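Report on the following structure.
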Amino acid sequence: MEIEADEAPPAEAVPVVDHPLVVGGHRLASRLIVGTGRYETMEEMRESLDRSGADCVTVAVRREKLYGPSGQNILDFLDLDRYTLLPNTAGCFNATDAIRAARLGREILRTLGNPGSDWVKLEVLGDSKTLLPDPVETLTACRELVADGFRVLCYTSDDPVIAWRLKELGAASVMPAGSPIGSGQGLLNPNNLRIILEYLKQGDPDYPVIIDAGVGTASDVSQAFELGADGVLLNTAIAHARDPVGMAEAMKHAAIAGRMAYLAGRIPKRLYGTASSPTEGVISTRPYGAAARNRR
């Protein structure tokens, strides 16, 4: 049987090979990092984390014990053998408070024997309305925490210059925001995120850049990975979804799909269409549009 041209078997595919995400010396199986705040109940949080597939979760450190709104200790609902905890300095508005919170988190996790005691997600906000990062206080805190032996994952704006400065200071990962914390607006400035990825990976392709904040739904996660981000950190998009558990699973699949699409490589965007089937030997060759008019 003769095979038509458009039925010819495809060329042998080149398999897409990925490598695990390594941040601050920690090897993560999932590229999704999920927060533990803002859930209706601790039980809902626990199930959502499980369905997200994440093996690293972030916790806010404000007191000597990690209590949720209901007064329950969040650690009672986390499998510390499964999750690496990433303490964060959420709610801090100056470098001094952020450094104090980071050191407190280190002591808590050391007593638990959790491997996350040597790193911190640094977050220093400029004000309580926009929740945008304060670049000056963030740079100050990053410098001191790196000197103190922390592996700093640094939340920042989508400003490429500040991102570069943080990497120069020794941040283990720079984490630009897609949009303001909890806003659900998605990636408002993908061009700046592309520039950050290009800047920070020049000569250092394995340097981890993680999109943090602003994710609203699964397509935002896919877009972040398709841009080339190494990871995505999110919380509110799951915790405040109508069905947090279902959204957590959607985020897991979105992360996998977005990363695979990035590695596989999208086709270039073109102004005009490109036929996917050969044009030779077709039954009708009647031209249409401009080509037809030009022949008259």
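Read the figures in this text as sums done on the coordinates, not as results from a lab. These numbers were taken from a predicted model, which means no experiment stands behind them. Every residue, glycine as well, gets a Cβ built from its backbone with ideal geometry; the counts of neighbours run over all protein chains shown.
For a quick check: with amide H placed at 1.01 Å from N, whose amide H comes under 5 Å from residue 90's, ignoring anything fewer than 5 positions away on the same chain?
Excluding prolines and chain starts, which carry no amide H, the hits are 61.
Residue by residue through the range 220-229, which ³J(HN,Hα) values in whole Hz follow from phi under the Karplus form 6.51 cos²θ - 1.76 cosθ + 1.60 (θ = phi - 60°), with glycine and proline marked x?
Karplus-based 3J(HN,Hα) across the range 220-229 equals 5, 5, 4, 4, 4, 5, 5, 6, x, 4 Hz.
For the range 30-264, just list the percent of Cα-Cα distances falling in each 10 Å bin from zero outward, please.
Calculated over all Cα pairs of the range 30-264, the distribution is 8, 35, 39, 17, 1 percent.
Expressed as a whole number of Å, what is the distance separating the alpha-carbon centroids of the range 170-212 and the range 236-281?
Between the Cα centres of the range 236-281 and the range 170-212 lies a distance of 19 Å.
Please list, ordered by chain and number, the residues whose modelled amide H lies under 5 Å from the amide H of residue 212; skip anything fewer than 5 residues away on the same chain.
For residue 212, whose amide H was placed from the backbone, the distant partners under 5 Å are 177, 178, 233.
Kindly write out, for the range 116-133 in residue order, the coupling ³J(HN,Hα) from the Karplus curve 6.51 cos²θ - 1.76 cosθ + 1.60 (θ = phi - 60°), rounded to whole Hz, with x marking Gly and Pro.
Per residue, the Karplus-derived 3J(HN,Hα) values read x, 5, 9, 10, 7, 8, 7, 9, 10, 8, x, 7, 8, 8, 7, 6, 7, x Hz.
Kindly rank 153-160, 42-49, 269-276, 24-31 from highest to lowest mean number of other beta carbons found within 10 Å of each residue.
Per-residue mean Cβ counts within 10 Å order the peptides as 153-160, 42-49, 24-31, 269-276.
Rg and Dmax of the range 145-279 over Cα atoms: what are they, in angstrom?
So, for the range 145-279, Rg and Dmax equal 16.7, 66 Å respectively.
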